[in-house]
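Any read-out appearing in this document is the output of simple, stated calculations on the displayed coordinates, not a laboratory observation. A quick note: this is a predicted structure, and the numbers were derived from the prediction, not measured. Here the Cβ positions follow ideal geometry from the backbone for every residue, glycine too, while neighbour counts run over all protein chains shown.
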Amino acid sequence: MKYILSLTFMLATFAFCNSIGEQFFMKGNEEYHKANYAQALENYKQALSNKFIPPELYFNLGNTYYKLGSLGMAIANYKIAKSSIPRDRELINNLEKTQQQVQDNVSYPKINPAIKTLLIPLYFFGLDEILWIFAGITSIISLFLIIGVCFNAAFAKKYIPLLLILWIFAAIPATYYIWNFYNHSSAVVCVSEAPLFSGPADSYTKIASLRDGCEVKILDTISNWTKIAFITNEKYETAWIKNSDIFTVYTIY
């Protein structure tokens, strides 16, 4: 009984937090439309802290940060939103417009063309959609296997190979997405100018700097430092940057 009560309490708490979070979200929208962007940002942050995290919130956060002149945080939040609603044309336009305003000529290291081909579904479907497709195909394959084994149905056996191909087609991008999401493989510079060092400490040589909005690949993390990679002038570069100068985010290239 105590486990049922605990579960009921957890569900009630989750629903309560979402209700409060939604209220902050709506208040943030009101402040945004009044051009009170700083107040809108605080309300959106409160919505996040109360576990209200629909893609529309991240989209609005991106718009708010853009209005406040923070290109890096705008890009980061647009990308988080895009992982759930990749086909939203307004979101795509806002992201591209913001990326074009980044001052440094820095790009994210290119992904292997073969891998990029396998990840094509992620350019059209969000994570939730990919996982539902994966689960649906898995269920259909299981049903066909049961029918084929129990009833020796030729039609079920005939379509199992095709379903397995579709299953793999969904499993690869889903696995890639989840792995990158939990390993934070990319980041966006979120300060006006971030110094880069040859090693993970201020005592190392300062080799360059990146400005707000630059997108980089994360290679390693040690204490308060992150090793990053990026392309500049068609040259692959690596350096160390302070964790406080970047915002980690999942992305697809």
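Assuming R0 = 22 Å, can you tell me the calculated FRET efficiency for the pair TYR159 and ALA135, based on Cβ-Cβ distance, to the nearest 0.05? Don't skip to the answer; put the middle values down first.
Values: r = 18 Å, r/R0 = 0.82.
Calculated value: 0.75.
At a Förster distance of 22 Å, what's the computed FRET efficiency of ALA208 paired with LYS110, Cβ-Cβ distance as r, to 0.05?
Values: r = 20 Å, r/R0 = 0.93.
Step by step, r from the Cβ atoms, then E = 0.60.
Fewest to most neighbouring Cβ within 10 Å: what's the order for TYR65, TYR78?
On the way: TYR65 23, TYR78 27.
Fewest-to-most ranking of TYR65, TYR78: TYR65, TYR78.
Neighbour counts of other C-beta atoms within 10 Å: give me SER49, SER209, SER70 arranged from fewest to most. Could the numbers behind the result be given before it?
On the way: SER49 12, SER209 16, SER70 22.
Neighbour counts put them in this order, fewest first: SER49, SER209, SER70.
Let me see the P(r) profile for segment 139-240: every Cα-Cα distance counted, bins of 10 Å, each bin given as a percent of all pairs.
For segment 139-240, the binned pair fractions read 13, 29, 17, 12, 12, 12, 5, 0 percent.
Counting Lys +1, Arg +1, Asp -1, Glu -1, what net charge surrounds ASN36 among other residues with beta carbon under 13 Å of its beta carbon?
Values: positive: LYS27, LYS34, LYS67; negative: GLU30, GLU31, GLU42.
Taking every Cβ under 13 Å from that of ASN36, the sum is 0.
Report the FRET efficiency, 1/(1 + (r/R0)^6), for ASN243 and LYS45, where r is their Cβ-Cβ distance and R0 is 22 Å, rounded to 0.05.
Details: r = 19 Å, r/R0 = 0.88.
Once the sixth-power term is evaluated, E becomes 0.70.
What is the extension gain from ILE146 to LYS34, computed as 0.36 nm multiplied by their sequence separation minus the C-alpha to C-alpha distance, in nm to one decimal? Before the final figure, lay out each step's value.
Details: separation 112, 0.36 × 112 = 40.32 nm, distance 5.91 nm.
Gain on stretching ILE146 to LYS34: 34.4 nm.
Show which lysines lie in cross-link reach of LYS27 when reach means a straight Cα distance below 28 angstrom and same-chain residues fewer than eight apart are skipped.
LYS45, LYS51, LYS67, LYS79, LYS82, LYS97
What ranking do ASP104, ASP245, ASP220 get, fewest neighbouring Cβ atoms within 10 angstrom at the top? Display every interim value, and only then the final one.
Working: ASP104 16, ASP245 21, ASP220 12.
With the sparsest Cβ surroundings first, the list reads ASP220, ASP104, ASP245.
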